[in-house]
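Read the structure below first, then the notes.
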Amino acid sequence: MVFTPEELRRECRPLSELAVEALDAGRLDELRHILGRMSAGHFELFWGYLHWVVRLAGKVLRDFGEPFFEETSSKIAASLMSPYARWILEGRDKDAVSAIVLLWVSQKGRVRALEETANEVGFLLHPCGSGGRLLLEAWHENAPTTYPRTRGGSPLFCRLCEHLRHALNQAVGSPFWSVEPVAGRSGFCRWRFRKRDARGRPWYAAEELDRLTSPRCRLALRLLDQGNPRIHDLLRDQHHEWRPLHDFLCLWVTSLLSLIYPAKGSAYLSDLVWDTYVTLFESAYVLHALLDDRTVFRNLVRNWHYHQARFSVQEEEGRFVFTLDPCGSGGRLCRGEMGPPGSFRYGQGLLREITEPSDLTFGRAPFPVYCTHCAATNRDQLLGKPWPFLVDGDALLRPDSACRQVLYKKTAARRAPPELLRQVGLDAAMPLRKEYLP
Amino acid sequence: MTTLLLWLGTLLMFAGFFGILFGALLLRIKPQDLGRMYLSTTMLGGGEMSEGFLNRVLLEWRANDNSRRRSALRLLGAGVALSLAGAAIARAAGCSA
């Protein structure tokens, strides 16, 4: 066994809990170290979602052309922006603006509030943590096939962002949100939200704006530097801070898969998931090969916390079994817990289930479309890759059931449970390929 | 004194050489390579697009092509000037010896 039961219990705690413990014990150097880890805690997940979204959009654009891409993205944008539009129509303009800004604050770019006037409130993304990041990192130049641009030359993520803005403005019936790229500064954008009825009143106090545009870890470190240790509220459940962005990106992916399935069929859906997601998961296998069991386990625990899951873990001979009740993406989607309460649920709006069984649905139907990527990566792992993330496809049979995910230890015998092989249409697991040998 | 001046001249010529080298590289670098460098620096900081020196400089060059060219030409100019100054000092020191 890698851990004693007590060690395992301690290892499963979120970083935020460790930070509170260090603060209460006065171990401020340790707290600063944990805060550094917490500030980057969600980055792998954000990075994964960001690239998955753009890869999906890129493949759809490549395979079906710009009119289909435009139609699909605008439908998704209308659906995703509908809760914000509802708030604005109810007169909660400020709540909607704060919620939209918060989506970008969690992207680890830089957001600064501009001077608020009687008519508008503005923000400067310098640079933007999503579209700007992709642009600055030159993905469209280094991998133009996977990260294509539109005919008009727009980077894909920026085009998706334009759709969001357009959908919101259309839903509220006025140019509420405008975006202007900063001239001569790639990746920088200026946002303006028009106040519809503020009668000259300011929306935000200076402190409120500072809090809105600064991630909690940065605020906590600033307060610590000022000698103020009353930062419990900033630390507690910090892994939930980026939940709105997590859910937004997850819903974008699910909406696209839900639109593609009836339009292009399950064979194309499978192709789409393999091309855009399974290849992206490669980094997890490389990490598994490079790191020891303890580090791989800790990494996975952190990722499950930041993936918004509630879970328990059992260590067995050769493996760790995670019981996810629910999994932070697919499980919460099945329970209708994703996004603003009551806004998104399978069978309502765009979100669909797959109606015919295949390798992509663990051989059962109806099957939630988002969970297809787990079936695809299961098959991929069983075909010669390491096993850091095998999912039991029979676990999540009802929305209220828990999902089960298994992390195999590096020294474990490569004996796959027969039901896992059956679920993805295989008779036997292939030996580990030599490039992944520890 | 002569030895010291010879050392100083050589040092300046070295500094000038590196100025010319980095200036020329920065002038010729492809945007996608600068993008890769920016990706590496942000990844080292856990994805943070931070205000640290290296990150800030790379961001400036990547986001603003004119700024990159200006910096490259300044580096080239400073490199040539340092090299010439170093050569002059070293020559003068050599003559006086």
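Structure notes:
- Low-density loop positions, GluC sites (Glu not before Pro), region B:39-97 - DSSP coil, at most 16 other Cβ in 10 Å: B:E51
- Förster radius 45 Å - calculated FRET efficiency between B:T10 and A:E208, Cβ distance, rounded to 0.05: 0.15
- Kyte-Doolittle mean at least -0.5, axial Cα span of 27 Å or more - DSSP H helices of chain B: B:2-28, B:65-96
- Cα-based convex hull volume of region A:1-88 per residue, rounded to whole Å³: 196
- Estimated FRET transfer efficiency (A:E66, B:R36; beta-carbon r; R0 25 Å; 0.05): 0.30
- Per-residue mean of foreign Cβ neighbours for B:40-47 is 5 (Cβ atoms of other chains, 10 Å radius).
- Using a Förster distance of 25 Å, the FRET efficiency for B:R69-B:L21 (Cβ separation, nearest 0.05): 0.90
- Extension gain (nm, one decimal) between A:A365 and A:D237, 0.36 nm per residue minus Cα-Cα: 42.5 nm
- Here the Karplus curve 6.51 cos²θ - 1.76 cosθ + 1.60, taken at θ = phi - 60°, turns the phi angles of region A:230-236 into couplings of 8, 10, 4, 5, 6, 7, 4 Hz, with x standing for Gly and Pro.
- In this simple spin-label approximation, A:R92 and A:D394 carry label points 7 Å from Cα along the Cα→Cβ vector, and these lie 4.3 nm apart.
- Descending Cα extents along the principal axes, the protein assembly as shown, whole Å: 92, 66, 56
- Stretched out straight at 0.36 nm per residue, the stretch from A:R230 to A:E419 would grow longer than its current Cα-Cα span by 62.9 nm.
- Full-stretch length increase - A:M430, A:V179 - with 0.36 nm per residue and alpha-carbon distance subtracted: 85.3 nm
- Each residue of region A:423-431 was assigned a 3J(HN,Hα) from its phi angle through the Karplus expression (A = 6.51, B = -1.76, C = 1.60, θ = phi - 60°), giving 4, 10, x, 10, 9, 8, 7, 7, x Hz with x at Gly and Pro.
Values in this text are rule-based calculations from the coordinates and carry no lab data. Because the structure is a prediction, the values reported are computed rather than measured. Heads up, the Cβs are rebuilt from the backbone with ideal geometry, glycines too, and the neighbour counts pull from every protein chain shown.
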